[in-house]
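Participant: Sharing a structure, written as structure tokens. Questions coming.
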2 protein chains.
Amino acid sequence: MPIYRPPLRDMQFILHEVLGVSDELQALAPHAQLDQGTIDAVLEEGGKFATEVLFPLNIGGDEEGCTLDQTTHAVSTPKGFKEAYTRYVAGGWAALSCDPAYGGQGLPMVLNQCFYEMLNSANQAWTMYPGLSHGAYECLHAHGTREQKDLYLPRLTNGEWTGTMCLTESHCGTDLGLLRTRAEPRADGSYRITGEKIFISAGEHDLASNIVHLVLARLPDAPAGSKGISLFVVPKFEPRADGSLGERNAIYCAGLEHKMGIHGNATAQLVLEGASGSLVGQPHQGLAAMFVMMNAARLGVGNQSLGLTEVAYQNALVYARERIQMRSLSGAKAKDRPADPIIVHPDVRRMLLTAKAYAEGARALSLYCALLLDKERSLPDGHLRQDCADMLALLTPIVKAFTTDNGFEATTLCQQVLGGHGYIREWGMEQHVRDARINMIYEGTNTIQALDLLGRKVLGNNGATLRKFGQLLGRLAAEEGGNGKMTEFIEPVVNLGRQMTELTTDIGLRSLQNPDEMGAAAVDYLRAAGHLVFGYFFARMAQVALRKIAAGSTDPFYPAKLQTARFYFARLFPETATLIPRARAGSGVLMDTDLALA
Amino acid sequence: MPIYRPPLRDMQFILHEVLGVSDELQALAPHAQLDQGTIDAVLEEGGKFATEVLFPLNIGGDEEGCTLDQTTHAVSTPKGFKEAYTRYVAGGWAALSCDPAYGGQGLPMVLNQCFYEMLNSANQAWTMYPGLSHGAYECLHAHGTREQKDLYLPRLTNGEWTGTMCLTESHCGTDLGLLRTRAEPRADGSYRITGEKIFISAGEHDLASNIVHLVLARLPDAPAGSKGISLFVVPKFEPRADGSLGERNAIYCAGLEHKMGIHGNATAQLVLEGASGSLVGQPHQGLAAMFVMMNAARLGVGNQSLGLTEVAYQNALVYARERIQMRSLSGAKAKDRPADPIIVHPDVRRMLLTAKAYAEGARALSLYCALLLDKERSLPDGHLRQDCADMLALLTPIVKAFTTDNGFEATTLCQQVLGGHGYIREWGMEQHVRDARINMIYEGTNTIQALDLLGRKVLGNNGATLRKFGQLLGRLAAEEGGNGKMTEFIEPVVNLGRQMTELTTDIGLRSLQNPDEMGAAAVDYLRAAGHLVFGYFFARMAQVALRKIAAGSTDPFYPAKLQTARFYFARLFPETATLIPRARAGSGVLMDTDLALA
């Protein structure tokens, strides 16, 4: 039977020892009263919910999937999902990081991010229901009218209703400028919306009494392309002013996709047949409004793969310690048994350590970003808020793409540790691989993330934000310059930083002549940037561990952190030796080929 | 709807233009009469069978899977599988490369390998049924008694019966020395076999009237471990001397595994309740006999991933040419349409070209190995036969592991080209990824392949066979030394050869002190060796293309081959810059960590 243990100690290490979140948060007015004890208590309770309520539903949810009743357009989620959602709502979890003005608990995003990591480890498919609600909440909170906020936010906050993002149509996903769903104004100020949407996660289900759809559509006078898209809120049931449910709106589930994974989440085809909606934000500014939600969602997707990497690692580790097969090459280790546990084999350890290092690097980066989000929202100084926003904008595509590519590799390696048993359902490992695969695709494919990073976030401001990240690295190097024990962790990152600077200039110059040079380099560039960032965080984790050891700690946790960092620099970071020349290889070798089917 | 077009031109390029198989085969007595026209005609007909009969059953087979009737122990294969098998038998395909002494057509393995590539592209799950039969055929042909051969080979050759390999038990896969199934001799010279086997591909089904199981078990006097394993043939129905079916034997299917992919193939749990069997080969020598079959099977597994890479590539290419989304970064290319086909984007081309290059490299290597197999069997000179056997032994783990790792990466990239559409079933792409995943696991995990390569095939003979491969490379370099146009293709491979020589010596020396050094390096070493071999074949393909162009050919096929080779050296081969330092990183960083669950 698969296991899952919330990695509380690892989370606390990043939160309290590496990032010092208590101090950081106390400088923010909304969190001035929050102390470490409260954070830890919330994490512990959150871990229980994930482990006891969600995790037992994961394999069954995958096997059963969702079902659509074609007559009533109703969707049933797998057995137990509704009850788990009821407990989630009753426990107040939906409100964790929501605004107290609408009934929220006002806790910081950095804590919410830890909570969601655990939910994702336990059951990504289930977690997408509240995850999308939270996205809809954020979007309405930022762009809704007073009336929309008063009507929708309290019920998204308490979890009574859930939300969705309705962007994709069958002919357009990445290129939303092509979308065709149309919205016609009515005399009462509302809109009549008609069209078809696909790939709508959590698009229809039986968990909550109402679903708040955020729908992109075109007004009659809209300019062509992405500058003519407006955002509408389209509730499944039209709420009366008091929040009670009124008429069923003309937005229906016409089909569910049969997917590779995340079977427990309903991926709906939605048909809008003159559904009633109200405008969110300004006309033709819908894409910008939706992007508020998408940036947070991209951090959320990285967090999904972090969760899957962690749970896959834990189960592969248990298997590797229990499964006996062959003898160690360096002599029998379990002499009283007919064979050694497979964890004695160096390559099994390589696979396990890869997952472990990717999880620990991703967690540090993920929580650093969530803290930036809290600071961007609540720091008193506007310049500092902008600094946080810029850094977050730089790091968001790295979190999304690097963590999800790594997550797919890590879950695949964990599956490999189990051999044939990894390929069959009962161990749960093949499900993690299938679930992890979607994270590289949705919320902007990883290629789109790479173009966003290199084209917009780096070259778009001539590398200014990237240099700010370089300053963090410079500060660490200056701080630890006299500490020989830190050299092995800092030197490679500083060298990579130098190479990245040259590479950026080189691609920037070539792209001025031919923008395809940027497109040809972007994916490798993003991975190299990912290692720059991970390398920095592994160095910071090593710094903390070395200090604790120097201060006399005998907790084996700290030497283990050093060993993971050493493994990372010895076996994963050297990928950069390939990425840099590949990113420099130019577009010619891609574009000059006539790719015709023979 | 997914498409598949047999890559006949690509196969002919390797067979006739790169490898010159007609000349090579005519030097072998059994194939002296075989000409290019016959080879091409067989390929064309084989391609039709794959495309018209098997391919339409692939998605349905995945959706429906196999079902077991617990009462009768009978297994039903998906709709259409049985009819397809009947057509396969009627077409004489089962007999293609079998011995004419038993009714075979006696065609070479190199042709069979092409045929199987197409079957695997069309339907890997179905193809495993005849694939395993062919393995059983080879094993009995090499090790069976005269009586066993006369009884079983004609019916495996004509496809009337199918075969299996029964190795794995629940507590042992890699470590067959632990197996517990026991065989007790009976007075009539037969054996009574009792035990439980798992993961038996094609282990029970409704395609053929009888199943010939080859079962590993222990005799009562067997020494412990892998030197006490014997091989038995255990038919589902005990045949009478005339080949008619007698009594139902006590070997039953007790369950089917629920797997990530290859759903159309029945992966059976088999229970032997005193089943009647006869010994194949010598007592306690069963593992060696089974290895004859496993080596061929490992080439077959590489070929499965080649097939999946090819079909995934073709479909991703079709999609990339048809799907319009966004504009080219270097200016609109399809100005009359609302967006450009996504094939204009450099990163989409990178993904497509990765799959294309991996397919073309794998095909060259796969057919080179199959030709070695033909030569090993039929060359008149014993020394030359041994040379072929040695080279094949060196290359087999590379074919198995490098091709299957690449195949998983390639199918995953092709899925990525389709974005969200790649994650849902209807396009067939996610199935290719799921199917491709097993190839890295079965027939010896890819870690086992790496240990076999580095430990046994390279260090085991002090690099003698690897040096022979180096001589092929040296010959090519000498041949083309004066040709500046070949420098870009030869120089990187020669450099890598030099690095591999140093690396091999280094690991060899360190392993003398600590064998875990070999285990820590093996997987990266195998991938580096894979690039050495692929690099060599891309250079040979480029050589042929350059010669054809120099001779005045205007066929766009040849410049396209040059471009694929250039892409390979620019974007895939540089992986070696990471692999070499990783392989040198040593075992300490893996072994010194205490991998405890926090």
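The values are calculated or read from the model by the stated rules, or taken from the named source; none is laboratory data. What you are looking at is a predicted structure, and each value in this text was computed from that prediction instead of being measured. Every residue, glycine among them, receives a Cβ derived from its backbone with ideal geometry; neighbour counts consider all protein chains shown. Surface areas here come from the heavy atoms of the whole protein model, side chains and all, with no ligands, DNA or RNA. Shrake-Rupley method; radii C 1.70, N 1.55, O 1.52, S 1.80 Å.
Participant: Say whether the condition of being farther than 22 Å from B:TYR116 by Cα, surrounded by 24 or more Cβ atoms within 10 Å (Cβ to Cβ), within 23 Å of the chain's Cα centre (by Cα) and of a type outside the set (A, V, I, L, M) is met by at least one residue in the stretch B:285-305. Before the answer, list the steps.
Facilitator: Applying the first criterion (farther than 22 Å from B:TYR116 by Cα) to the stretch B:285-305 yields B:285-289.
If we keep only those that are surrounded by 24 or more Cβ atoms within 10 Å (Cβ to Cβ) as well, we get B:286.
Still in the running and within 23 Å of the chain's Cα centre (by Cα): B:286.
Subset that is of a type outside the set (A, V, I, L, M): B:286.
Yes; the residues of the stretch B:285-305 include at least one that is farther than 22 Å from B:TYR116 by Cα, surrounded by 24 or more Cβ atoms within 10 Å (Cβ to Cβ), within 23 Å of the chain's Cα centre (by Cα) and of a type outside the set (A, V, I, L, M).
Participant: Return yes when A:GLU430 is more than 23 Å from A:MET165 (Cα to Cα), modelled with pLDDT of 95 or more and facing chain B (nearest Cβ under 7 Å) and no when it is not.
Facilitator: Details: more than 23 Å from A:MET165 (Cα to Cα): yes; modelled with pLDDT of 95 or more: yes; facing chain B (nearest Cβ under 7 Å): yes.
It is true that A:GLU430 is more than 23 Å from A:MET165 (Cα to Cα), modelled with pLDDT of 95 or more and facing chain B (nearest Cβ under 7 Å).
Participant: Tell me, yes or no, whether the stretch B:397-408 has at least one residue that is open to solvent by 10 Å² or more (accessible area, probe 1.4 Å) and within 14 Å of chain A (Cβ to nearest Cβ).
Facilitator: Within the stretch B:397-408, one or more residues are open to solvent by 10 Å² or more (accessible area, probe 1.4 Å) and within 14 Å of chain A (Cβ to nearest Cβ).
Participant: While we're on this one: Does A:ALA320 count as of a type outside the set (Val, Ile, Thr) and within 14 Å of chain B (Cβ to nearest Cβ)?
Facilitator: Working: of a type outside the set (Val, Ile, Thr): yes; within 14 Å of chain B (Cβ to nearest Cβ): yes.
Answer is yes for this residue.
Participant: Any residue at all in the stretch A:351-360 that's open to solvent by 10 Å² or more (accessible area, probe 1.4 Å) and either modelled with pLDDT under 95 or part of a loop (DSSP other than H, G, I, E, B) (or both)?
Facilitator: no
Participant: Let me ask something else. Restrict the check to the stretch B:544-553 and report whether at least one residue is within 11 Å of chain A (Cβ to nearest Cβ), open to solvent by less than 40 Å² (accessible area, probe 1.4 Å) and in contact with a helix residue (DSSP H, G or I) (Cβ under 7 Å, 6 or more places away or on another chain).
Facilitator: If we filter the stretch B:544-553 for residues that are within 11 Å of chain A (Cβ to nearest Cβ), which is where we start, we get none.
Taking every residue of the stretch B:544-553 in turn, none turns out to be within 11 Å of chain A (Cβ to nearest Cβ), open to solvent by less than 40 Å² (accessible area, probe 1.4 Å) and in contact with a helix residue (DSSP H, G or I) (Cβ under 7 Å, 6 or more places away or on another chain).
Participant: Would you say A:ASP40 is within 14 Å of another protein chain (Cβ to nearest Cβ) and under 30 Å from A:GLY428 (Cα atoms)? First the steps, then the outcome.
Facilitator: Working: within 14 Å of another protein chain (Cβ to nearest Cβ): no; under 30 Å from A:GLY428 (Cα atoms): yes.
Judged against the criteria, A:ASP40 is not a match.
Participant: Just one of the numbered conditions (1) without any contact (Cβ under 8 Å) to a residue 24 or more places away in the chain; (2) open to solvent by 10 Å² or more (accessible area, probe 1.4 Å) is not true of B:TYR423; which one?
Facilitator: Result: B:TYR423 fails condition (2) only.
Participant: Hey, among the residues in the stretch A:441-450 that are within 8 Å of chain B (Cβ to nearest Cβ) and open to solvent by 20 Å² or more (accessible area, probe 1.4 Å), which one's farthest from A:GLN124 (Cα to Cα)?
Facilitator: The qualifying residue farthest from A:GLN124 (Cα to Cα) is A:THR447.
Participant: Determine, yes or no, whether B:THR174 is among the hydroxyl-bearing types (Ser, Thr, Tyr) and in a strand (DSSP E or B).
Facilitator: Working: among the hydroxyl-bearing types (Ser, Thr, Tyr): yes; in a strand (DSSP E or B): no.
The answer is no for B:THR174.
Participant: Which of the residues belonging to the stretch A:328-350 are open to solvent by 20 Å² or more (accessible area, probe 1.4 Å) and assigned to a loop (DSSP other than H, G, I, E, B)?
Facilitator: Answer for the stretch A:328-350, where residues must be open to solvent by 20 Å² or more (accessible area, probe 1.4 Å) and assigned to a loop (DSSP other than H, G, I, E, B): A:LEU329, A:SER330, A:GLY331, A:ALA332, A:LYS333, A:LYS335, A:ASP336, A:ARG337, A:PRO338, A:HIS345.
Participant: Just to be sure before I move on: is B:THR145 touching a Leu at 6+ places or on another chain (Cβ under 9 Å), at pLDDT 95 or above and surrounded by fewer than 24 Cβ atoms within 10 Å (Cβ to Cβ) in the structure I sent?
Facilitator: yes
Participant: So A:THR164 clears everything in (1) surrounded by 24 or more Cβ atoms within 10 Å (Cβ to Cβ); (2) under 17 Å from A:MET109 (Cβ atoms) except one condition, right? Which one?
Facilitator: A:THR164 satisfies all of (1) surrounded by 24 or more Cβ atoms within 10 Å (Cβ to Cβ); (2) under 17 Å from A:MET109 (Cβ atoms) except (2).
Participant: Tell me, yes or no, whether the stretch A:585-596 has at least one residue that is more than 9 Å from chain B (Cβ to nearest Cβ) and more than 23 Å from the chain's Cα centre (by Cα). It would help to see each step written out before you state the result.
Facilitator: We begin by selecting, within the stretch A:585-596, every residue more than 9 Å from chain B (Cβ to nearest Cβ); these are none.
Scanning the stretch A:585-596 turns up no residue that is more than 9 Å from chain B (Cβ to nearest Cβ) and more than 23 Å from the chain's Cα centre (by Cα).
Participant: Here's something else I'd like to know. Go through the stretch A:344-381 and count every residue that is over 24 Å from A:ALA560 (Cα atoms) and acidic (Asp, Glu). Step through it out loud before you land on a result.
Facilitator: Applying the first criterion (over 24 Å from A:ALA560 (Cα atoms)) to the stretch A:344-381 yields A:369-381.
Filter once more, so that each one left must be acidic (Asp, Glu): A:374, A:376, A:381.
So the count comes out to 3.
Participant: Then there's this: Answer yes or no as to whether A:TYR568 is more than 14 Å from chain B (Cβ to nearest Cβ), touching a residue at least 12 places away in the same chain (Cβ under 8 Å) and part of a helix (DSSP H, G or I). I'd like the intermediate steps shown before the answer.
Facilitator: On the way: more than 14 Å from chain B (Cβ to nearest Cβ): no; touching a residue at least 12 places away in the same chain (Cβ under 8 Å): yes; part of a helix (DSSP H, G or I): yes.
Spelling it out, it is not the case that A:TYR568 is more than 14 Å from chain B (Cβ to nearest Cβ), touching a residue at least 12 places away in the same chain (Cβ under 8 Å) and part of a helix (DSSP H, G or I).
Participant: Which numbered condition trips up B:ALA125, out of (1) within 25 Å of B:ARG437 (Cβ to Cβ); (2) free of Cβ contacts under 8 Å to residues at least 24 places away in the same chain; (3) among the small types (Gly, Ala, Ser)?
Facilitator: Among (1) within 25 Å of B:ARG437 (Cβ to Cβ); (2) free of Cβ contacts under 8 Å to residues at least 24 places away in the same chain; (3) among the small types (Gly, Ala, Ser), B:ALA125 violates only (2).
Participant: Hey, can you tell me all the residues within the stretch B:451-471 that are away from chain A (no Cβ under 14 Å), in contact (Cβ under 8 Å) with a residue 60 or more places away in the chain and surrounded by 15 or more Cβ atoms within 10 Å (Cβ to Cβ)?
Facilitator: B:LYS457, B:VAL458, B:THR465, B:LEU466, B:PHE469
Participant: Among the residues of the stretch B:224-268, how many are away from chain A (no Cβ under 14 Å), assigned to a loop (DSSP other than H, G, I, E, B) and not polar (S, T, N, Q)?
Facilitator: 7
Participant: Of the residues B:LEU151, B:LEU156, B:LEU140, only one is of a type in the set (A, V, I, L, M), buried (at least 17 other Cβ atoms within 10 Å of the Cβ) and touching a Lys or Arg at 6+ places or on another chain (Cβ under 8 Å); which?
Facilitator: One residue alone meets the criteria, B:LEU140.
Participant: Further question on the same structure: Hey, does the stretch A:441-448 have a residue that's over 30 Å from A:ASN514 (Cβ atoms), under 21 Å from the mean Cα position of the chain (by Cα) and not acidic (Asp, Glu)? Please lay out each step first, then the result.
Facilitator: Taking the stretch A:441-448 and keeping what is over 30 Å from A:ASN514 (Cβ atoms), we get A:442.
Applying the additional criterion that residues be under 21 Å from the mean Cα position of the chain (by Cα) yields A:442.
Now restrict to residues that are not acidic (Asp, Glu): A:442.
Yes; the residues of the stretch A:441-448 include at least one that is over 30 Å from A:ASN514 (Cβ atoms), under 21 Å from the mean Cα position of the chain (by Cα) and not acidic (Asp, Glu).
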